[in-house]
Amino acid sequence: MPRKFTPKVVTANRLIEGDAVWLTAGDTWSPEMGDAELIEDEAVAQERLIHAQSQPGVVVGAYLADAVAGPDGPEPTHFREAFRTRGPSNYFHGKQESA
């Protein structure tokens, strides 16, 4: 029996900078997961993923990540996604510098 679909967000890395980004409902890429579109329908999730993958000049490695609704937008459910929200881990820059 197939597993029940759980809410997802579309995430990828910016082609030039390599930063983690999330696809918004307005078809833009945001560096903040809270801005992402939380997708609750499996067919819509697949369509949004195909849309993201059709932008090879903008992002790479697009995939669907599990998420839950939070008070400030989607939140990660897995350690990997939580880690990606913090930015690069090799030194303080980007998201880590402003924290």
- Once fully extended, how much extra length lies between residue 25 and residue 60, figured as 0.36 nm per residue of separation less the alpha-carbon to alpha-carbon distance? 10.7 nm
- Query: Gain in length, residue 41 to residue 3, computed as 0.36 nm per residue apart minus the alpha-carbon separation, to one decimal in nm?
  - Reply: 12.3 nm
- Using Cα pairs closer than 8 Å and at least 6 residues apart in sequence, work out the relative contact order for segment 8-92, in percent. 33
- Task: Quote the Stokes-Einstein diffusion coefficient, in whole µm² s⁻¹, for the chain, based on the Kirkwood radius over alpha carbon pairs, a temperature of 25 °C and a viscosity of 0.890 mPa s.
- Result: 178
- Residue-count net charge about residue 4 - beta-carbon cut-off 13 Å; Lys, Arg +1, Asp, Glu -1: -2
- Task: For residue 15, put the label point 7 Å out on the Cα→Cβ axis and report which residues of segment 49-65 keep their amide N under 18 Å from it.
- Result: 49-63
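FYI, it's all coordinate maths here, none of it is from the lab. Computed from a predicted model, the values in this text were never measured in an experiment. Neighbour counts run over all protein chains shown; Cβ positions are idealised from the backbone, glycine included.
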